[in-house]
Amino acid sequence: MTLMNVSDLGEFGLIERLAEAVGAAPPQELIVGIGDDAAAWRVGEQVLLATTDTLVEGVHFRPEWAPWRELGWKLLAVSVSDIAAMGGEPQFALVTLALPSDTDVGAVDELYVGLQECAAEYGVTVAGGDLVRAPQAVLTVALLGRAESREGGEPLLLRRDGARAGHVIAVTGTLGDSAAGLRRLQKGAAPDDPLARAHLRPRPPLRTARRAVHLGVPCGIDVSDGLLQDLGHICRTSGLGADIRAEAVPLSPELRSAYPPEALALACAGGEDYQMLFVGPSDTVRLLAGSCDDRLVVIGEMTDGPARQPRLLDAAGGEVSLAVTGWDHLRGR
């Protein structure tokens, strides 16, 4: 019998395997299950949302370059981003802290200062959680929220399977700053460095995501594992390809200045930007761009080509090849 490690499957292969393991027919109340940014289900007339995220010391952060206050902010913000990716409203958080016995109490106080700052920014109430002892810090948030419904009961949700051929692809903000910020932190940059701050204090565009779903944008995902990898989830779920114009990918001046040869690769594959990617009819996306507070840039379109994956194209239409297309937690790349 050949042994297989989880790294052989990778994060997304393991998710598919686990989905099969629990693959009994879902109850009628479940609207969205495994494979999207958050689960969604009906409770009476309401549609509730739930997601969870974990930060592990030595894997996702090191206290010597990630202050506890910033960790508190990021711990909640990454789950807020998942709720935004569904077009929903975050409401209640449960926080689990697994901590070594010698953890400084002051560090935990600072963690919760940052956590409460993020909660206040996004209208979240921390309603409870759990505490356990562990050999290294493991920080987990389970975030509950809700989605609104149209008259007649149809839930207002952004879905990964909502893309259609000819729909345009747009992203908020700029991409690649977080991955660049991580590099700078690892080399000793201060937390207030602009790129480092993008990594430590992501600001998911929640209001724009909610505006998008109200305008009728059908498809969205947050950019957490890298633009190309996250767009790839939409391609596979919707059964389509996608063409991205390399020159349209939004890059910040700070990223261009700090890493000029690698800026595009960091933007397309770096991950942890927690910006939003929307896919929808061009008129609807144009209306969103003109009515939201965040910068929104069209970078490509969905195609009905046989390859169910995104292509990055240069100005002449040639395909740009990148060594890595995104982050996989189990493969560490």
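The values are calculated or read from the model by the stated rules, or taken from the named source; none is laboratory data. Quick caveat: nothing in here was measured; it's all calculated off a predicted structure. In this analysis, Cβ positions are derived from the backbone assuming ideal geometry, glycine residues included, and neighbour counts consider all displayed protein chains. Remember, those area values only see protein heavy atoms, side chains included, never the ligands or the DNA or RNA. Shrake-Rupley method; radii C 1.70, N 1.55, O 1.52, S 1.80 Å.
Shape index of the stretch 191-230: Rg/Rh, with Rg the Cα radius of gyration and Rh the Kirkwood radius from the inverse mean 1/r over Cα pairs, equals 1.09. Counting Lys and Arg as +1 and Asp and Glu as -1 over every other residue whose Cβ lies under 10 Å from the Cβ of ILE221, the net charge comes to -4. Rounded to the nearest Å, what's the spacing between the alpha carbon centres of the stretch 165-194 and the stretch 249-281? Just the number, please. Cα centroid to Cα centroid, the span is 6 Å. What the Kirkwood sum gives for the stretch 83-185 is a hydrodynamic radius of 17.2 Å, with every pair of different alpha carbons counted. Across the chain, how large is the tail of the calculated P(r) beyond 29 Å, expressed as a percent of all Cα pairs? Of all Cα-Cα pairs in the chain, 38 percent lie more than 29 Å apart. Within the assembled protein chains, the solvent-accessible surface assigned to ASP243 is about 40 Å², based on a 1.4 Å probe. Three semi-axes describe the equivalent ellipsoid of the stretch 207-322; taken as square roots of 5 times the Cα gyration tensor eigenvalues and ordered largest first, they are 22, 19, 13 Å.
Per-residue ellipticity at 222 nm from helix content only, as computed over the chain with -39500 (n - 2.57) for each DSSP H run of at least four residues, stands at -10500 deg cm²/dmol. Rolling a 1.4 Å probe across the protein heavy atoms gives the stretch 155-233 an accessible surface of 32 Å² per residue.
In the stretch 216-276, the C-alpha radius of gyration followed by the widest Cα-Cα span (Dmax) gives 12.6, 38 angstrom. Think of each Lys and Arg Cβ as +1 and each Asp and Glu Cβ as -1; about the Cα centre, that makes the dipole of the chain roughly 360 debye.
The fraction of accessible area contributed by carbon and sulfur in the stretch 47-103 is 52 percent, rounded to a whole number (1.4 Å probe; ligands and nucleic acids excluded). Per-atom-type breakdown for the stretch 197-291 gives carbon and sulfur 48% of the accessible area (1.4 Å probe, protein chains only).
To the nearest 10, the accessible area of TRP65 is 40 Å² with a 1.4 Å probe. In loop segments of the stretch 47-116 as defined by DSSP, the GluC sites (Glu not before Pro) with at most 12 further C-beta atoms inside 10 Å of their C-beta are GLU64.
For the stretch 223-333, a crude dipole built from +1 on the beta carbon of Lys and Arg and -1 on the beta carbon of Asp and Glu, taken about the Cα centre, is about 200 debye to the nearest 20.
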